[in-house]
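This report concerns only the one structure given below.
Each reported figure results from applying straightforward, stated rules to the coordinates on display, with no laboratory input. This one's a predicted model, so the numbers in the text were calculated from it and none came from an experiment. In this analysis, Cβ positions are derived from the backbone assuming ideal geometry, glycine residues included, and neighbour counts consider all displayed protein chains.
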2 protein chains.
Amino acid sequence: MSGGPLRFAASVHEEWTIGDKPNGGYLLAMLGRVAAAVGTHPHPIAASAYYVRAPRPGRVAIDAEPLRKGRSASQVRARMIQDEQVCVEAILITSELDPAAAPYWQAGLPDADMRDCADCPRLIPRLPSGVRVAIMEQVEVRLDPDWSGFTRGAPSGRGELRGWLALPGEKHFDPVSLLFAVDAFPPATFEIEFSGWVPTLELTAYVRALPAPGPVRVLQRAELIDSQRVDESCYVWDSAGRLVAQGRQLAGVRLG
Amino acid sequence: MSGGPLRFAASVHEEWTIGDKPNGGYLLAMLGRVAAAVGTHPHPIAASAYYVRAPRPGRVAIDAEPLRKGRSASQVRARMIQDEQVCVEAILITSELDPAAAPYWQAGLPDADMRDCADCPRLIPRLPSGVRVAIMEQVEVRLDPDWSGFTRGAPSGRGELRGWLALPGEKHFDPVSLLFAVDAFPPATFEIEFSGWVPTLELTAYVRALPAPGPVRVLQRAELIDSQRVDESCYVWDSAGRLVAQGRQLAGVRLG
């Protein structure tokens, strides 16, 4: 149906990194912005990214191609390229989220009790290994002390983090930046046992509603570590208490 | 690195359908088989499919292209095509699952208590609306009566199903057929409120371990219905009690 992909120029910012690796959710949000531009709908509502090679900070190309432009939703294929090699391969759905919509049923969501934002200390932007986590100087990650023993050297073993997330300059979240939000927290495995880098292999995000202004509440948890891989599920609620995004990822982890 | 996609001929079986629509997990498994053929590793371990158009039963083409062939894993892009139109667009990771591996940590998994297989009646292969569910005559879906009130017209409202799944002819599961297993159960929303067809928009499966022979235990649950879309998470344990696959999907649902 199309004449091949459209090419966009973009730049991976050196401050949205962990060590020298760009954050996976940040890269997915870059692809989400392009998908909204080439589709006929403004909001990414589902997005899956496969991380083939970590791009270096700096110039990249993004190729995007609508697979189908429907009445209520479009599907878009997008990839990030550097040095003529695929870095991230993604598929997305765009649609238009209705500001008047309301949840119909939500009894299956996890409990998300956590301390108020002001009672959650901001994460110190450095790993125990000494690696600089530049991205944490950009975004504000505040972890509930009851769910982040690892920051005091005493992981609870529950494999679950709870806390708050805010964008730089008090910028409000939108459907594109929610694609980042589902990968903004440290690995939930840190609350089991500290390991080195936990590279995202695959990340899927669903954007379920338009977020109200303000910081978002985040719950991130692991279910299983097997064969040096871990799943992590992430839930994001807006300041009005509505579930606005869900994420799930498969990551590599040097445990076991 | 590659000279473009390789094309495979395949056939969507008319008996692996709900009404006239092929099952989404079945289509993903078809793509998984091709991904294993074009990569350098035998087992799909992660796979995401976006359902653009439902193919009719019959001949399809599958185009598959390795994005990167790594030492321990490969990434593959694959798509199913009919009448020169994209039906399913997918990205997959293949690797080699180690038969000697064991879970390192699994405290985050849901409780999966359910009745023995023999105490779970086989699902009657017809929807309340009268639509024939041909696929249920192929595979054996047995639902725990405590978790399937909808089969007696009395959904519990919990949005969760539990039960057992077996392949035709007592065929054993493998990593490819586990891609099907995460979408084999009826929609978990039936246990909230019956609606018509619940079309899968996106499905991601992780294969976490090689399954032991025998039927698998399945837990499928919904978390949130909002804007006529629902997420569903699926967990699959093998006959030895090991978690072997996880799925998550976003589907359309006519509720709300």
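Relative intensity of the protein assembly as shown on a log10 scale, I(q)/I(0) at q = 0.05, 0.07, 0.08, 0.10 Å⁻¹, equals -0.17, -0.34, -0.45, -0.73, per a Debye sum over C-alpha point scatterers of equal strength in the absence of solvent. For region A:67-190, the spread of Cα coordinates along the three principal axes comes to 50, 46, 31 Å, biggest extent given first.
Convex hull volume of the Cα atoms of region B:1-99, normalised per residue: 92 Å³.
FRET efficiency for the A:Asp111 to A:Ala10 pair, using the beta carbon distance and R₀ = 41 Å, is estimated at 0.60. Separation of region B:36-104 from region B:216-231 is 24 Å, based on Cα centroids. In the assembly of identical copies, A:Trp197 has its label point, taken 7 Å from Cα in the direction of the beta carbon, separated from the corresponding points by 4.5 nm (ascending, one decimal). Sorted from greatest to least, the principal axis extents spanned by the alpha carbons of region B:171-249 come out as 39, 20, 20 Å. Between A:Ser156 and A:Arg59, residue separation times 0.36 nm minus the direct Cα-Cα distance comes to 30.9 nm. Put in order of Cβ neighbour count within 10 Å, fewest first, the listed residues A:Asp174, B:Asp113, A:Asp231 become B:Asp113, A:Asp174, A:Asp231.
Given Cα positions, please report Rg to Rh for chain B, the hydrodynamic radius being the Kirkwood one.
Values: Rg = 17.7 Å, Rh = 18.5 Å.
On the Cα set of chain B, Rg over Rh gives 0.96.
Summarising the label geometry, the points placed 7 Å from Cα in the beta-carbon direction at B:Glu96 and A:Glu84 lie 3.1 nm from one another. Sparse packing (at most 12 other Cβ atoms within 10 Å of the Cβ) combined with a DSSP loop state is found for the following trypsin sites (Lys or Arg not before Pro) in region A:130-215: A:Lys171.
Just want the answer: with Cβ charges of +1 for Lys and Arg and -1 for Asp and Glu, which residue in A:Val131, A:Ser177, A:Gly149 is farthest toward the dipole's positive end in region A:121-196? Sorting the options by dipole projection puts first A:Val131. For B:Gly256, the label point sits 7 Å beyond Cα toward Cβ; its separations from the matching points on the remaining copies run 3.3 nm, from shortest to longest. Note on B:99-112: average number of Cβ atoms from other chains within 10 Å of each residue's Cβ is 5. Each copy carries a label point for A:Ala154 at 7 Å from Cα toward Cβ; from one copy, the others' points are 4.9 nm away, ordered from shortest.
Assign one of three labels to region A:66-136, namely rounded, prolate or oblate, based on the Cα gyration tensor with a ≥ b ≥ c the square roots of its eigenvalues; rounded applies when a/c is under 1.5, prolate when it is not and a/b is larger than b/c, and oblate otherwise. Since a/c reaches 1.5 but b/c is at least a/b, the shape of region A:66-136 is classed as oblate.
More than 20 angstrom separation, counting every C-alpha pair in region B:126-213; what % is that? Don't jump to the answer; show the numbers that get you there.
Details: 1550 of 3828 pairs.
Beyond 20 Å sits 40 percent of the P(r) for region B:126-213.
The mean count of C-beta atoms from other chains within 10 Å of the C-beta of residues in B:218-228, rounded to a whole number, is 6.
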